[in-house]
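The values are calculated or read from the model by the stated rules, or taken from the named source; none is laboratory data. Keep in mind it's a predicted model, so treat the numbers as computed, not measured. Here the Cβ positions follow ideal geometry from the backbone for every residue, glycine too, while neighbour counts run over all protein chains shown.
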Amino acid sequence: MLKIAKAAAVLTALVMLASCGAKPEPANDDNKPLPEFTALNDTVSGRKNVYIIIKNVDSSYWKTVLDGAGAGGDEFDCNVFGSGTYNETDWQGQQELIDKAIDAGADGIILAPDDSVKLAKTVEELYTSDMPIVLVDTTANTDKYDICYMTDNLMAGQQAAEELIRQLHESGSTDSDKLKVGMQVGATTSQTINERIAGFSRYWSENAPENWEMIQDIKCNEGDINKAVQCAEELFDEYSDIKGVFATNNGSTVGFAKVIAERQLKDVAVVGFDYSDEMAALIKSEDFTASTMLQRQFDMSRLGVGSVMSIIGGEKPEVQFIDTGVVVVNRSTLNDPEVVEMLEHS
């Protein structure tokens, strides 16, 4: 049964997160001009043109998304062009890129929304204009789009909480120990991240020992890697009894991993998302306790290209949501065949 005290703590944490997300939203990084669309595969005259717009062009996770889209172009016989913003809160920049894609003659658009709410109207307008619109990684706050390829983030959040509880137990923490667990998020305007928080919080409330406290001060980095490092440093400075941390996205995970490695925090377990060089180093080391939720982002965009081409050909998707799934990667699963195959595209 859900413990009342824990349920109240979770609710308070989510309220604090909402207020954190209410900060003014930055435009693109340092007002740099948005990157131009570039070809992701060999362009061939006469083929359909698919444009993909991602959240963060500097992120390893999103570079894999672009790689998947390029592979999809080869597989489904179309030209694919990609661009994106410099941080995961710049929905205005994505709006501008959507307009540029249309002006360039896009036959279909693939979008990973920076803001699920503020881009919903644009997504609806594309859909009602008969422009194929496929979402990847993150859905929009509307049902007027063709199909979305993404992780079931509520489930993934629950899996992350289960993994952190397991890691804490295996590293020596007992149910009677008083310990704290911290959390860091990227863009709080993302429905993806909010669903992961909800899934994590629910599982934690129902299954973590009574003495294991989830810190209500959830750190927000607004999709900026440097801020993610700063948030991690602040959390460890403010709470000396932290034994575990959860990161909801790749940037937050990198922030935690960098600080844990630099400070040699060998008694802190970390569970995050995606597979960066920083996280790989922790997972492979016997000195640290680390796990990550590995998504199939390469397939999200590859299959997304296929759906755009099917829609152009007159076929409507039979379903609107495809869960591409996650795999837990830690030291014991690192050499599993499924993990090895997925890491080839990460």
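Any idea which residue in the range 219-248 is surrounded by the most Cβ atoms within 10 Å (Cβ to Cβ), counting only those that are part of a loop (DSSP other than H, G, I, E, B) and either modelled with pLDDT under 95 or among the aromatic types (F, W, Y) (or both)? By that ranking, first place goes to G223.
If we scan the range 177-189, do we find a residue that is surrounded by fewer than 24 Cβ atoms within 10 Å (Cβ to Cβ), among the hydroxyl-bearing types (S, T, Y) and not in a loop (DSSP other than H, G, I, E, B)? No, the conditions are met nowhere in the range 177-189.
Taking the stated definitions as given, is K118 at pLDDT 95 or above, out of contact with any Leu (no Cβ under 6 Å at 6 or more places or on another chain), in a loop (DSSP other than H, G, I, E, B) and not hydroxyl-bearing (S, T, Y)? Against the criterion (at pLDDT 95 or above, out of contact with any Leu (no Cβ under 6 Å at 6 or more places or on another chain), in a loop (DSSP other than H, G, I, E, B) and not hydroxyl-bearing (S, T, Y)), K118 qualifies. The selection criterion, being touching a strand residue (DSSP E or B) at 6+ places or on another chain (Cβ under 9 Å), in contact (Cβ under 8 Å) with a residue 40 or more places away in the chain and outside the structural domain of V50 (by TED's automatic domain parsing), holds for I283.
Considering (1) touching a Ser or Thr at 6+ places or on another chain (Cβ under 7 Å); (2) under 21 Å from K55 (Cβ atoms); (3) small (G, A, S); (4) at pLDDT 95 or above, the lone condition that S252 does not fulfil carries the number (1). Among the residues of the range 116-128, just one is touching a helix residue (DSSP H, G or I) at 6+ places or on another chain (Cβ under 9 Å) and among the small types (G, A, S), namely S116. Could you say whether any residue in the range 162-181 is aliphatic (A, V, I, L, M) and under 14 Å from the mean Cα position of the chain (by Cα)? No, the range 162-181 contains no residue that is aliphatic (A, V, I, L, M) and under 14 Å from the mean Cα position of the chain (by Cα).
In the range 299-310, is there at least one residue being assigned to a strand (DSSP E or B) and over 20 Å from the mean Cα position of the chain (by Cα)? No, the range 299-310 has no match at all.
Just so you know, in the range 276-304 the residues that are of a type in the set (S, T, Y) and crowded, with 24+ Cβ neighbours inside 10 Å include one that is nearest to Q264 (Cα to Cα), and it is T289.
Checked against the criterion of being outside any loop (DSSP other than H, G, I, E, B), assigned by TED's automatic domain parsing to the domain that holds K48 and of a type in the set (V, I, T), the candidates I165, I102 yield just one match: I102.
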